[in-house]
Structures are given as C-alpha cells and as structure tokens.
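For reference, the structure is listed below as structure tokens.
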Amino acid sequence: MSGALVPGQLLPDEQALCDEFGVSRTAVREAVKMLVAKGMLEVRQRIGTRVQSVRSWQLLDRDVLSWHQSIGLESDRLLRLMELRLSIEPDAACYAAERRTDEDLQEIFGAIDAMAEHAVENERYVLADAEFHVAVLRAAHNPYLDALENAIFTGLLLSIRVTNPDSSQNLLSIPFHQKIGDAIRRGDGQAASDAMKVHLEDASRRLSAVI
C-alpha cells in the first residue's frame with residue numbers, strides 16, 4: 001500500500017519473509033494467497049511472487065479500503081475518491097427520494113441528529129457524517145450501489161479529516177445534509193440530487209484547497 005514495493009518487484013523468498021515477520025510458513029502462504037486474491041500479488045512458478053500494478057488491485061474490497069485507512073492516502077487518491085463520490089452520490093440521493101422507506105428516513109435523520117449532537121467532537125461527528133451518506137446510499141435500494149458502500153464510507157472518512165479539521169466547519173456542513181434529507185423526505189428526487197451535488201462540490205473545493 002505504501003509503495004515501498006513497486007509494481008513488478010519480486011518479494012523476498014518465503015523463508016526470508018518468515019524470518020522478517022517472525023511467523024510460520026503457513027502464515028506467509030495464507031497472507032500471499034489473500035493478496036493474490038485481491039489482485040495485489042502474482043505468483044509464478046520458477047519466478048516468484050511479484051507485486052502487481054495498482055490497476056489490478058481490488059480497490060473497493062473491504063480489507064483493501066481498511067488498509068488504506070491505516071496508512072492514509074496521498075493527495076491524488078483522495079481526489080480520485082471524491083470524483084467517485086461525485087459520480088455516484090447525487091444519483092443515489094435521487095433514487096433514495098423515490099424509494100425510501102420510513103426506516104430509511106429514520107436512519108438518515110438519525111445521522112443528521114448525531115452530527116448536530118457531536119459537532120464539537122470531531123471523531124464522533126465524522127462517523128455520523130459517514131453514516132448519513134451510507135444511509136442515503138442504502139435508501140436507494142440498489143444492490144449495485146450497496147456494493148460501493150465501503151468505498152463511499154472510507155472515502156468520506158479519509159477526506160473529511162482534511163476538509164473538517166475542527167468543529168467550525170462541522171457546523172457549516174450540517175445544513176447541507178439537512179437540505180438533502182428534507183428533499184428525500186419530500187420525495188423530490190431532483191432536489192435531492194441537486195442538494196447532494198452542491199454539498200459534494202463544496203467538499204471537493206475545500207479538499208482541493210487544503211491539499
């Protein structure tokens with residue numbers, strides 16, 4: 001993830017990895033097997049284990065996204081995650097307005113309430129903000145959008161720590177979310193989409209300004 005091993009580079013042999021990490025051959029083999037499944041490594045007989053290009057990685061995989069969080073992301077990848085959100089979330093908000101249930105509305109407005117309650121507690125605010133966006137995605141009732149939930153959640157957690165370094169920005173952000181929620185509750189798909197787009201474009205501008 002950190003780029004210390006570049007695409008095409010061979011990993012040390014199995015015994016060297018066992019010695020470096022103080023683990024058994026079984027542990028090394030299981031780790032390599034997992035990373036191969038996620039597109040990050042390739043094993044070839046008589047050649048060895050080679051690092052794959054990022055294009056081959058399963059970037060939306062839950063584990064891969066979690067590993068991204070643990071090391072942080074370079075600026076370019078933060079911007080690419082924001083581009084993904086801009087391309088997905090306005091339409092998801094539109095569908096949510098058309099398909100939401102009472103339970104979906106409870107999740108959406110529960111997240112908004114939590115954001116307001118924890119506006120001065122940045123860690124808890126960030127989590128509530130992420131839960132709002134996931135609730136909107138789920139309210140669209142589209143299994144293919146559900147598959148993007150981890151990417152949206154992780155992208156937001158990473159970017160909001162840059163765009164909202166303190167509680168002052170949190171308080172400015174809440175009305176954006178309220179407007180999205182109100183449009184979804186009214187069943188106004190176009191308004192929900194427009195409000196989400198305005199919100200994300202504002203966040204994108206702040207992200208670009210900071211990084």
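This table checks each residue for (1) of a type in the set (Phe, Trp, Tyr); (2) open to solvent by 80 Å² or more (accessible area, probe 1.4 Å).
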site: 5; (1), (2): no, yes
site: 17; (1), (2): no, no
site: 22; (1), (2): no, no
site: 32; (1), (2): no, no
site: 39; (1), (2): no, no
site: 61; (1), (2): no, no
site: 67; (1), (2): yes, no
site: 71; (1), (2): no, yes
site: 77; (1), (2): no, no
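Can you name every residue in region 171-211 that is among the hydroxyl-bearing types (Ser, Thr, Tyr) and open to solvent by 40 Å² or more (accessible area, probe 1.4 Å)? Let's see the steps before the verdict.
Going through region 171-211, the residues among the hydroxyl-bearing types (Ser, Thr, Tyr) turn out to be 173, 193, 204, 208.
Across region 171-211, the qualifying residue is only 208.
When region 134-150 is examined, which residues are found to be charged (D, E, K, R) and more than 14 Å from the chain's Cα centre (by Cα)?
We begin by selecting, within region 134-150, every residue charged (D, E, K, R); these are 138, 146, 149.
Hit for region 134-150 is 138, nothing else.
Which of the residues that make up region 3-30 are within 29 Å of the chain's Cα centre (by Cα) and of a type in the set (S, T, N, Q)?
9
For region 124-170, enumerate the residues that are surrounded by fewer than 20 Cβ atoms within 10 Å (Cβ to Cβ) and of a type in the set (Ser, Thr, Tyr).
If the condition is that a residue be surrounded by fewer than 20 Cβ atoms within 10 Å (Cβ to Cβ) and of a type in the set (Ser, Thr, Tyr), then 144, 167, 168 are the ones that fit.
Can you say whether residue 202 is free of Cβ contacts under 8 Å to residues at least 40 places away in the same chain and either of a type outside the set (Val, Ile, Thr) or more than 19 Å from residue 106 (Cα to Cα) (or both), as far as the supplied structure shows? Spell out the reasoning first.
Working: free of Cβ contacts under 8 Å to residues at least 40 places away in the same chain: yes; either of a type outside the set (Val, Ile, Thr) or more than 19 Å from residue 106 (Cα to Cα) (or both): yes.
Criteria met by residue 202.
The values are calculated or read from the model by the stated rules, or taken from the named source; none is laboratory data. Everything numeric here is computed off the predicted structure, so don't read it as measured data. A quick note on method: Cβ atoms are made from the backbone with ideal geometry, for glycine too, and the neighbour counts reach across all protein chains shown. Just the protein is used for accessible areas: all its heavy atoms, side chains included, with ligands, DNA and RNA removed. Shrake-Rupley method; radii C 1.70, N 1.55, O 1.52, S 1.80 Å.
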